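The values are calculated or read from the model by the stated rules, or taken from the named source; none is laboratory data. None of the values given here were measured: they were computed from a predicted structure. Here the Cβ positions follow ideal geometry from the backbone for every residue, glycine too, while neighbour counts run over all protein chains shown.
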Amino acid sequence: MPRLVMLASARGESCAKPRPQEWEHFTRRDWAALAAGTPPALTQAEYAALCGLSEPVSFAEVTETLTPLACLINLEVAAARRLAADKAAFLGRPAERRPFIVAIAGSVAVGKSTLARTLRFLLARWPDHPLVDLVTTDGFLHPNRVLEQRGLMHRKGFPESYDLRRMARFLADAKSGLEVQAPVYSHLAYDIVPGERQAVRRPDILIFEGLNVLQTTAASVVASDFFDFSIYVDARTADIEAWYLERFLLLQRTAFRDPASYFHRYRDLPRGQAEAMARDIWRRINLVNLRRNVVPTRERARLVLSKRSDHAVGEVLLRRH
């Protein structure tokens, strides 16, 4: 049976002392049991195609972790629609169908992208909400030329490296039921793609994934104001560092070989030098951002997926209120 825990005991690190909160704790077995008998909505081959390059492909994640999560979100979507319909009837207005927005936050290299892609696939298999879009916050980074002008290239991924006003405006328009467009980011070029846009045409569900999506600022409106459900992907800091290093070395053997890659100059670094560079980038940039800006937002999530060193989710924390 699930038990109550304080989020302060969740795995990971935080620079700020977490506020006491009540959470319902599920072991992996408890969580998987919630969707017992629900057949997976995708095949093992489909899941393998959705996984990131450096993540082990375990189909058990679909049946034991992601299917229960999709079931829970499906219940949340249905409840939100009933409330919207009841409110419209009370006010004597026609009911409007607006996107249900799911946020996914967490560190670099923790597996947010694979989770987002797989969850999008699973949720789109439900007949009540077949149109599910996925947008990442990478597209709302300032272009490199702007970051260079402001001396922020070494702080890429920090809150100040994003166009937060544009991000909030995009979410507000999407939540209002408008057709919107999101800027597109190229991981190969390590920059915004000029003139390219991702069309978001009033989906049933919009998944919004990124490092700092749960971040609060001094602005009157922040991205999290528009979220209906939020997920934080958690893991031990040492494990995330190991995954980051593994991914960097893999990219050196693959994507960095492409002459169009921003990191093409690192393709032939000896392994020792490549490891040293990856560790330096992690400690100077990603670890600082994680501790200062990302982990503190874990407290604001509705659900926390806590990963083990093998990338598998070991436990789930669900906010009771």
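At a glance:
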item	result
Test set (1) touching a helix residue (DSSP H, G or I) at 6+ places or on another chain (Cβ under 9 Å); (2) modelled with pLDDT of 95 or more - THR27 fails condition number	(1)
Any hit, region 255-264, residues being in contact with a helix residue (DSSP H, G or I) (Cβ under 9 Å, 6 or more places away or on another chain), part of a helix (DSSP H, G or I), free of Cβ contacts under 8 Å to residues at least 40 places away in the same chain and surrounded by 15 or more Cβ atoms within 10 Å (Cβ to Cβ)	yes
Region 193-231, residues that are closer than 20 Å to VAL146 by Cα, β-branched (Val, Ile, Thr) and under 19 Å from the mean Cα position of the chain (by Cα)	none
Count of region 138-163 residues which are among the aliphatic types (A, V, I, L, M), in contact with a helix residue (DSSP H, G or I) (Cβ under 7 Å, 6 or more places away or on another chain) and either over 30 Å from PHE100 (Cβ atoms) or in a helix (DSSP H, G or I) (or both)	3
Qualifying position, being surrounded by 15 or more Cβ atoms within 10 Å (Cβ to Cβ), farther than 20 Å from HIS311 by Cα and among the hydrophobic types (A, V, I, L, M, F, W, C), among LEU91, LEU119, LEU141, LEU131	LEU141
Residue in region 223-237 that is in a helix (DSSP H, G or I), among the small types (Gly, Ala, Ser) and over 20 Å from ALA312 (Cα atoms) present	yes
Odd one out for GLU160 among (1) closer than 18 Å to ASN293 by Cα; (2) touching a residue at least 40 places away in the same chain (Cβ under 8 Å)	(2)
Inter-residue pairs, beta-carbon under 9 Å, first in a helix (DSSP H, G or I) and in region 67-90, second surrounded by fewer than 16 Cβ atoms within 10 Å (Cβ to Cβ) and of a type in the set (Lys, Arg), 6+ apart	ALA70/ARG125; ARG81/ARG97; ALA84/ARG97; LYS87/ARG93
Test for ARG166: is it part of a helix (DSSP H, G or I) and over 27 Å from TYR266 (Cα atoms)	yes
Leading residue by the ranking (modelled with the lowest pLDDT) among those in region 123-164 that are farther than 20 Å from GLN181 by Cα and of a type in the set (D, E, K, R)	ASP128
Matching residues in region 272-319 - criterion: being more than 21 Å from the chain's Cα centre (by Cα) and assigned to a loop (DSSP other than H, G, I, E, B)	none
